[in-house]
């Protein structure tokens, strides 16, 4: 499974993210990432509907490719759930500055 994560916006308007491939990760780390994705509800999520922007909001972009299928989801701060936060926290810890795509 491949996962691309980008977080953009916020007070400084920066973009950070990471690209992960479970085939390139240690087995335990890959299994943990897969569990976080499965329990997050992300695979059943749909893109956030357009909303009026609010100051300092973040947007979160996820692209997951697994078994030849690609899923792309964009969420905002107001879409984040308690189930999604452990995944967001894990991805933030691996994130570096990146260009918005």
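Restricting attention to the stretch 80-101, the residues being closer than 15 Å to residue 39 by Cα and either touching a residue at least 12 places away in the same chain (Cβ under 8 Å) or in contact with a helix residue (DSSP H, G or I) (Cβ under 7 Å, 6 or more places away or on another chain) (or both) number 9. What are the residues in the stretch 53-67 that are closer than 15 Å to residue 43 by Cα and surrounded by fewer than 16 Cβ atoms within 10 Å (Cβ to Cβ), if any? Of everything in the stretch 53-67, those that are closer than 15 Å to residue 43 by Cα and surrounded by fewer than 16 Cβ atoms within 10 Å (Cβ to Cβ) turn out to be 65, 66, 67. Of all residues being in a loop (DSSP other than H, G, I, E, B) and surrounded by fewer than 10 Cβ atoms within 10 Å (Cβ to Cβ) in the stretch 68-100, which is modelled with the lowest pLDDT? Just the residue, please. Looking at residues that are in a loop (DSSP other than H, G, I, E, B) and surrounded by fewer than 10 Cβ atoms within 10 Å (Cβ to Cβ), I get 99. From the list 44, 17, the one residue that fits, being at pLDDT below 90 and within 15 Å of the chain's Cα centre (by Cα), is 44. Considering every residue within the stretch 51-59, establish whether at least one is in a strand (DSSP E or B), under 17 Å from residue 6 (Cβ atoms) and either in contact with a helix residue (DSSP H, G or I) (Cβ under 6 Å, 6 or more places away or on another chain) or modelled with pLDDT of 95 or more (or both). Checking the stretch 51-59: at least one residue is in a strand (DSSP E or B), under 17 Å from residue 6 (Cβ atoms) and either in contact with a helix residue (DSSP H, G or I) (Cβ under 6 Å, 6 or more places away or on another chain) or modelled with pLDDT of 95 or more (or both).
The values are calculated or read from the model by the stated rules, or taken from the named source; none is laboratory data. Since we're looking at a predicted model, the values are computed, not measured. Counting neighbours? That spans all protein chains shown, and the Cβs are built from the backbone with ideal geometry, glycine included.
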